[in-house]
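The block underneath contains the structure these notes are about, expressed in structure tokens.
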Amino acid sequence: MSKRARLPNGVGLGLRWEFLEEVVDGPALDVAFFEVSPENYMRRGGYFPTMLERVAERYPLVTHGLTLSIGAVEEPSADYLAELRAELARLLVPHHSDHLCFSSAGERFMHDLLPLKFAEANVARVANRARRVEDALGVPFALENISYYGHLGRREMPEAEFIARVIDQSQVGLLLDVNNVYVNCLNHGGDAREFLRQMPLDRVVEIHVAGHATNARGLTIDTHGSAVAEPVFELLEWTLERTGPLPVLLERDNDVPALAELVGEVGRLTALYARATQCFEERHAASA
């Protein structure tokens, strides 16, 4: 990749160490792009960053962070942001994203993505911080809606309104995880399509899908450890019919199967993608 470019539309796959060498040395895959978590490669030398550079020679890359903790009380570390900026520049990614959540308190890191209180004060605070983060990173920045299993304190607004207002006030992008929307609606009530109607779909820069599981107590967990469920496929198609072509990312972080199986799932998503985007184009042509 000689210069920064827009992430291609189509279906990509989360890059995992389990199949890193196969991606680098194997035959070309029908995968539009790969997504990586830069924290897994920053501050490393030798094998891993070298292999990532080799992936970037064959496929477009985009980065998706895990540790920004944009909603924490403390500001993100200036050293962390500087190192992250350098990694994004090295990989020439078109944009960077992280989660609309907090995952740290002081020097303690919780290793989980925890929801913010859906409150007016948090809208303003996180929106201001997101703008500063985008400036610090030097690339367009996006926030992802998370799955969550409990809310801190009394809500001042619904989740959909909270997300939409943060995105509107910050003017950063939205990384829309439709599996998280589905999981939250199962656990907390509500209609997933109605939730999406309240999202700023014109701000979406990328869409995520993943698998989930329901535990013995009936709670649905965003595990990223199984194939995408049929209702999430349907929700993705409904969304793409309204957004038009966007990059779609298949996540699989646990119980990672053989690469061939994941590429097969990418193929199914690609067929869905073609149907949905054709529907979008036909609708717009009819209304023109």
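The values are calculated or read from the model by the stated rules, or taken from the named source; none is laboratory data. All of these numbers come straight from a predicted model, not from anything done at the bench. So basically every Cβ, Gly included, is an ideal-geometry build from the backbone, and we count neighbours across all protein chains shown.
What residue, of Leu137, Leu92, is surrounded by 21 or more Cβ atoms within 10 Å (Cβ to Cβ) and more than 30 Å from Ala192 (Cα to Cα)?
Residue meeting the stated conditions: Leu137.
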**Prompt:** Take the residues of region 116-135 that are closer than 24 Å to Leu249 by Cβ and either in contact with a Leu (Cβ under 7 Å, 6 or more places away or on another chain) or among the hydrophobic types (A, V, I, L, M, F, W, C) (or both): which is modelled with the lowest pLDDT?
**Reply:** Leu116
**Request:** Search region 37-62 for residues that are part of a loop (DSSP other than H, G, I, E, B) and pair each with any residue that is surrounded by 15 or more Cβ atoms within 10 Å (Cβ to Cβ) and among the β-branched types (Val, Ile, Thr) when their beta-carbon atoms are under 8 Å apart and the residues are at least 6 apart or on different chains.
**Result:** Ser37/Thr63; Tyr59/Val23; Tyr59/Val31
**Message:** All but one of (1) under 23 Å from Leu175 (Cα atoms); (2) touching a helix residue (DSSP H, G or I) at 6+ places or on another chain (Cβ under 6 Å); (3) hydrophobic (A, V, I, L, M, F, W, C) hold for Val24; state the number of the condition that does not hold.
**Reply:** (1)
**Prompt:** Is there any pair with a first residue in region 140-165 that is farther than 14 Å from Asn187 by Cβ and at pLDDT below 95 and a second that is of a type outside the set (Ser, Thr, Tyr) and part of a helix (DSSP H, G or I) whose Cβ atoms are under 9 Å apart and which are 6 or more apart or on different chains, and what are they?
**Reply:** Arg155/Phe162
**Asked** Of the residues that sit in region 183-201 and are in contact with a Ser or Thr (Cβ under 8 Å, 6 or more places away or on another chain) and not polar (S, T, N, Q), which one is nearest to Gly244 (Cα to Cα)?
**Response** Leu201
**Request:** Working carefully through the options Asp25, Asp79, find the one that is within 26 Å of Asn145 (Cα to Cα), of a type in the set (D, E, K, R) and free of Cβ contacts under 8 Å to residues at least 40 places away in the same chain.
**Result:** Asp79
**Item:** Count - residues of region 226-243 that are of a type in the set (Gly, Ala, Ser) and surrounded by fewer than 17 Cβ atoms within 10 Å (Cβ to Cβ)
**Value:** 1
**Asked** Would it be correct to say that Phe280 is without any contact (Cβ under 8 Å) to a residue 60 or more places away in the chain and within 18 Å of the chain's Cα centre (by Cα)?
**Response** no
**Asked** Any idea which of (1) among the hydroxyl-bearing types (Ser, Thr, Tyr); (2) farther than 17 Å from Glu144 by Cβ; (3) in a loop (DSSP other than H, G, I, E, B) is the one Thr270 doesn't satisfy?
**Response** (3)
**Fill in**
Residue set Ala28, Ala56; condition under 17 Å from Ala260 (Cβ atoms) and out of contact with any strand residue (DSSP E or B) (no Cβ under 6 Å at 6 or more places or on another chain); output residue Ala28
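In the set Gln169, Gln198, which member is surrounded by fewer than 15 Cβ atoms within 10 Å (Cβ to Cβ), in contact with a helix residue (DSSP H, G or I) (Cβ under 7 Å, 6 or more places away or on another chain) and in contact (Cβ under 8 Å) with a residue 24 or more places away in the chain?
Gln198
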